[in-house]
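The values are calculated or read from the model by the stated rules, or taken from the named source; none is laboratory data. In this text the structure is predicted, and so the values were computed from the model without any measurement. Glycine also receives a Cβ, built like all others from the backbone with ideal geometry; neighbour counts cover every protein chain displayed. Protein only, heavy atoms only, side chains kept; ligands, DNA and RNA dropped before computing areas. Shrake-Rupley method; radii C 1.70, N 1.55, O 1.52, S 1.80 Å.
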Amino acid sequence: FFPPRHTGLMTVTTDDGVRLWAARSGGAGDPLVLCHGGPGLWDMFGDVAELLADVTPVIRWDQRGCGRSERCDGPWTSERFVADLDVVRRHFGLERMALLGHSWGAQLALTYALAHPDRVSALVYVSGTGIGPDADWHPAFHQSFYTRLADHPERLARWQELTDLAERTEGEERERAVLQWSIEFEDRDRALEPAGRMADPWFGINYACSGALNDERKRSWGTPELYTACQALDVPVLIVDGARDIRPRTAVDSLERALPRVRRVVLPDAGHLPWAEDPEGFREALRRGRAGAGPESPA
């Protein structure tokens, strides 16, 4: 499913000619480059940019084929996405950059840091799932997903009905996503409201991108080679978790054990989008990092 192409400010052109939407906000100083989740989604970091306005300027961008970036046929590989992120770095004139990745974006940011450690000053790893195999976390996530959605049986029934359709309209696609994303919030009675904000504006999910990158993860993640590479990563890393995330936080232990320069902050009342449910805790974790607090600070 591909919706009609949305126009936007496409300011970055990759080496293979794909135009990426990107924007910088905030004042002077070294920016924090944000890598959104998915794969196959788009930047939803407007609230984060506002929350961090007095902490750091930010650079936001939509990954290739997604959101406000140009529709294309891929390629859908981590290597290609790392190259795209490097184009964003060069476009904004950054010799080295601080990266913040959320969910799948945390995996992308980590992959970039492993490929180009000399180009990364710091890494903030938010709500990722570690470097172990999917078996470390996905079965528990799958069970928790249905348990949470079943708290409102009518939502579960409607989500299943939409999921079973052979084809969905754009409106049905958005409705299904909002129902699915509602499980990410602890207050399930009110969860449709913040989940709806995630889908506004709606750009459509790139399922080809999502499927290919998720398949790649299953093949390449959880290897001894990846663990060894993380052990050698000489970049300060801040891991930020929401304790209420339905993806088991124990999955991230694999990454924490491997990294030589790491600090971890767990926000007890937050879920998968910690800035949404504990904005002050999230802001303080990043503020301390940007200020250089502590011997293992990421900035």
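Quick check on my filter: what residues within the range 109-135 are of a type outside the set (S, T, N, Q) and under 26 Å from Asp278 (Cα atoms)?
Passing the criteria: Ala109, Leu110, Ala122, Leu123, Val124, Tyr125, Val126, Gly128, Gly130, Ile131.
For the range 224-258, what are the residues that are in contact with a Pro (Cβ under 9 Å, 6 or more places away or on another chain), in a loop (DSSP other than H, G, I, E, B) and open to solvent by less than 40 Å² (accessible area, probe 1.4 Å)?
Answer for the range 224-258, where residues must be in contact with a Pro (Cβ under 9 Å, 6 or more places away or on another chain), in a loop (DSSP other than H, G, I, E, B) and open to solvent by less than 40 Å² (accessible area, probe 1.4 Å): Leu233, Val235, Pro236, Asp245.
Scan the range 53-66 for residues that are within 17 Å of the chain's Cα centre (by Cα), closer than 23 Å to Ala98 by Cα and not basic (Lys, Arg) and jot them down.
Within the range 53-66, Val58, Ile59, Trp61, Asp62, Gln63, Cys66 meet the criteria.
Of everything in the range 54-70, what is part of a loop (DSSP other than H, G, I, E, B) and buried (at least 16 other Cβ atoms within 10 Å of the Cβ)? Give them in sequence order.
Within the range 54-70, Val55, Thr56, Pro57, Asp62, Gln63, Arg64, Gly65, Cys66, Gly67, Arg68, Ser69, Glu70 qualify.
Would you check if there is a residue in the range 19-35 being buried (at least 23 other Cβ atoms within 10 Å of the Cβ), at negative phi, under 17 Å from the mean Cα position of the chain (by Cα) and among the small types (Gly, Ala, Ser)?
The answer is no; no qualifying residue exists.
Would you be able to tell me the number of residues in the range 129-161 that are surrounded by 15 or more Cβ atoms within 10 Å (Cβ to Cβ), of a type in the set (S, T, N, Q) and either assigned to a helix (DSSP H, G or I) or modelled with pLDDT under 95 (or both)?
Residues meeting the conditions: 1.
Pairs please, first residue from the range 108-135 and without any contact (Cβ under 8 Å) to a residue 60 or more places away in the chain and closer than 18 Å to Asp84 by Cα, second anywhere and of a type outside the set (A, V, I, L, M, F, W, C) and open to solvent by less than 20 Å² (accessible area, probe 1.4 Å), Cβ atoms under 6 Å, 6+ apart in sequence or on different chains.
Between residues of the range 108-135 that are without any contact (Cβ under 8 Å) to a residue 60 or more places away in the chain and closer than 18 Å to Asp84 by Cα and residues that are of a type outside the set (A, V, I, L, M, F, W, C) and open to solvent by less than 20 Å² (accessible area, probe 1.4 Å), the close pairs are Thr111/Ser78.
Out of all the residues in the range 162-209, which are of a type in the set (A, V, I, L, M), over 21 Å from the mean Cα position of the chain (by Cα) and open to solvent by 40 Å² or more (accessible area, probe 1.4 Å)?
Leu165, Ala166, listed by residue number.
Name the pairs whose Cβ atoms lie under 9 Å apart, with the first residue in the range 40-51 and without any contact (Cβ under 8 Å) to a residue 60 or more places away in the chain, the second open to solvent by less than 20 Å² (accessible area, probe 1.4 Å) and among the acidic types (Asp, Glu), and 6 or more positions between them or separate chains?
The qualifying pairs are Asp43/Asp62.
I need a count of the residues in the range 168-196 that are in contact (Cβ under 8 Å) with a residue 40 or more places away in the chain and within 30 Å of Gly74 (Cβ to Cβ).
Of the residues in that region, 5 qualify.
Give the range 269-283 a look and list any residue that's open to solvent by 60 Å² or more (accessible area, probe 1.4 Å) and either under 19 Å from Ala195 (Cα atoms) or touching a Lys or Arg at 6+ places or on another chain (Cβ under 8 Å) (or both), or say none.
Asp269
Going by what's in this entry, would Thr223 be described as free of Cβ contacts under 8 Å to residues at least 24 places away in the same chain, among the hydroxyl-bearing types (Ser, Thr, Tyr) and farther than 28 Å from Ser69 by Cβ?
So Thr223 fits the description; yes.
Since Val266 meets every condition but one in (1) out of contact with any Phe, Trp or Tyr (no Cβ under 8 Å at 6 or more places or on another chain); (2) part of a strand (DSSP E or B); (3) buried (at least 17 other Cβ atoms within 10 Å of the Cβ), which condition does it not meet?
Only one criterion is unmet by Val266, namely (3).
What do you reckon, is Arg174 assigned to a loop (DSSP other than H, G, I, E, B) and among the charged types (D, E, K, R)?
No.
Report yes if Leu100 is surrounded by 22 or more Cβ atoms within 10 Å (Cβ to Cβ) and touching a residue at least 40 places away in the same chain (Cβ under 8 Å), otherwise no.
Judged against the criteria, Leu100 is a match.
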